[in-house]
Each structure stands twice: as C-alpha cells, then as structure tokens.
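Here the structure is laid out as structure tokens; the discussion comes afterwards.
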Amino acid sequence: MALAILAKRSLALFFCFLMVGCGSTYLPNATVHNSLTTSVDNYQYLIGPNDSVTIFVWRNPELSGSFIVRPDGKISTSLVEDVPVSGKTPTQLAREMEGILSKYIRDPVVTVSVTNFVGPYSEQIRVIGAATNPQAISYREYMTLLDLMIAVGGLTEFAAGNSAKLVRVTDGSQVTYDLRLDDLIRDGNIAANVDILPGDVVIIPEAWF
C-alpha cells in the first residue's frame, strides 16, 4: 500500500516537473522587420547576404573587386574590413564607400553593381503550405499574386486556395489579408489578382474533406 502511494506521489511530481519544464520552452515571437518598400511605385533593390557586389573605384583598379556579402551582411575589402552593406541600395553603398575611401585616396569615385540577387529576408516573399513548390522568392518590381503563384508552380491538388492568407508587416504590426487563389488560378478570375510587396508571406492551407 505504501509503495502504491509512493508511486502515485512520484508520478504526480513527474507530471508537475513536465508541466513546469514545458512552460519554460516557449520562445518570444519572431522579430518583426518592416520592408522599406511600402508601395509598388517606390521599389528599390536592397543588398542582402549572399549577393555578389562589384565595387569599381575609378582609376584605382587595385581597390576594385567583387565581393560576396557574408551572412552577417558585411564585406571586407582590400583596405577596409567589415563594411556593413545589407539593407542598402547600390547607390547608397557607393556613396558610403566614397566616404570611407576618402581617408586613403583623394576624391574617390565609386560605382556599385549587384549580381546573384538574393536580398535581405525582410525583402523576400515566402510562400508556405499547399503550393507545388513552396519557397522564398526575391521580389521583382511590380510583382503580383499571379506572378508569385507561377513562380511556385501553382496550387497542389488539395489546396484550399480561397482560404489562403497574406501576412504583411505594416507600421511594425502584422496584418492578415484574405486571398482568393482558387478564383484566380482555377477559375481564371483576374479580379482576384493583387499586388505583392517585399516581405509578404502567403499561407495556403489544405482543404478538409
């Protein structure tokens, strides 16, 4: 009898321990980052990790070169280490490099170009759920929902397209909008097409039968 009571108490303590432990495993919500593009008419490409950046310094070929942006958003040049470049336009970076190089050479003239476009996470579009090929996609100027769905291969057979949602960060808060993907893709209703902005997240659930 005593053993049974001891076993029950031990089991109760074990479950209390699990509850306390589980309560401590929750993490804070993900940090919300506003995209710098708030309208389809003012889009400018921003440099991000894994982009290839070519910096040309006029009349100074030894200071010019191509650089891969590191995961921390920085590059190292022949004269300056750890230059932050992520989140900047090529023009902004060119002007900043002119300021940095002016400490070493007189009146530097810098041009920056970008290849292998990836961009920061805050500027990418994510499609998750019942898309044929869910993935993160680099935004392109004037991209629409139809363009995005073509890029991910459309909907799966069991997708509930008209229950899809678009999550957009506006003024530091996440706002959710309804999408009508079945109407757009399966019925060809172009009125269901909408503009996409950098940083949008499209969530496509499966239908319940």
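Miscellaneous remarks
- Residues satisfying the stated conditions in the range 148-177, i.e. open to solvent by 70 Å² or more (accessible area, probe 1.4 Å) and either farther than 26 Å from W208 by Cβ or in a strand (DSSP E or B) (or both): I150, K165, D171, Q174, T176, Y177
- Test: residue in the range 199-207 that is open to solvent by 60 Å² or more (accessible area, probe 1.4 Å) and touching a Phe, Trp or Tyr at 6+ places or on another chain (Cβ under 7 Å): yes
- Conditions (1) of a type outside the set (G, A, S); (2) within 15 Å of E96 (Cβ to Cβ); (3) surrounded by fewer than 16 Cβ atoms within 10 Å (Cβ to Cβ); (4) over 26 Å from the mean Cα position of the chain (by Cα); number of the one not met by W58: (2)
- Test for L46: is it open to solvent by 70 Å² or more (accessible area, probe 1.4 Å), under 16 Å from the mean Cα position of the chain (by Cα), farther than 30 Å from A160 by Cβ and touching a residue at least 12 places away in the same chain (Cβ under 8 Å): no
- Number of the exception - S138 against (1) over 15 Å from the mean Cα position of the chain (by Cα); (2) among the small types (G, A, S); (3) open to solvent by less than 60 Å² (accessible area, probe 1.4 Å): (1)
- Checklist (1) aliphatic (A, V, I, L, M); (2) without any contact (Cβ under 8 Å) to a residue 12 or more places away in the chain; (3) open to solvent by less than 70 Å² (accessible area, probe 1.4 Å) applied to V118, failing item: (2)
The values are calculated or read from the model by the stated rules, or taken from the named source; none is laboratory data. Remember, predicted model here, so these are calculated numbers, not experimental data. Using ideal geometry, Cβ is built from the backbone for each residue, glycine included, and neighbour counts are taken over all protein chains shown. Note: areas computed on protein heavy atoms with side chains; ligands, DNA, RNA excluded. Shrake-Rupley method; radii C 1.70, N 1.55, O 1.52, S 1.80 Å.
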